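Take a look at the structure set out below.
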Amino acid sequence: MEKVFISVLAFWNGIVNDEKEKGATAVEYGLLVALIAAVIIGTVVTLGGQINSAFQTISTKL
């Protein structure tokens, strides 16, 4: 009976730990997406004016 109880506990702990790891993985992916979005927004804000002026210069010369 003790072996059955230990087996059930081991199985239950495996299920619970898998669910916790899935949640942690989702949070990590969410943080990665947020970081990538922040880098893209920062780049656009920083270079946006320069790119706009370059297009204006090209447009006027055409």
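The values are calculated or read from the model by the stated rules, or taken from the named source; none is laboratory data. These figures come from a predicted structure and were not determined experimentally. Here Cβ is always computed from backbone atoms with ideal geometry, including for glycine, and neighbour counts include all displayed protein chains. Quick note on the areas: whole protein, heavy atoms, side chains included, nothing else; ligands and nucleic acids left out. Shrake-Rupley method; radii C 1.70, N 1.55, O 1.52, S 1.80 Å.
Just a few scattered comments:
- Test: residue in region 43-53 that is open to solvent by less than 100 Å² (accessible area, probe 1.4 Å), among the aliphatic types (A, V, I, L, M), modelled with pLDDT under 70 and assigned to a helix (DSSP H, G or I): no
- T60 meets the stated requirement of being hydroxyl-bearing (S, T, Y), at pLDDT 70 or above, part of a helix (DSSP H, G or I) and loosely packed, with under 10 Cβ neighbours inside 10 Å.
- Meets criteria (in a helix (DSSP H, G or I), open to solvent by less than 70 Å² (accessible area, probe 1.4 Å) and at pLDDT 70 or above) for A10: no
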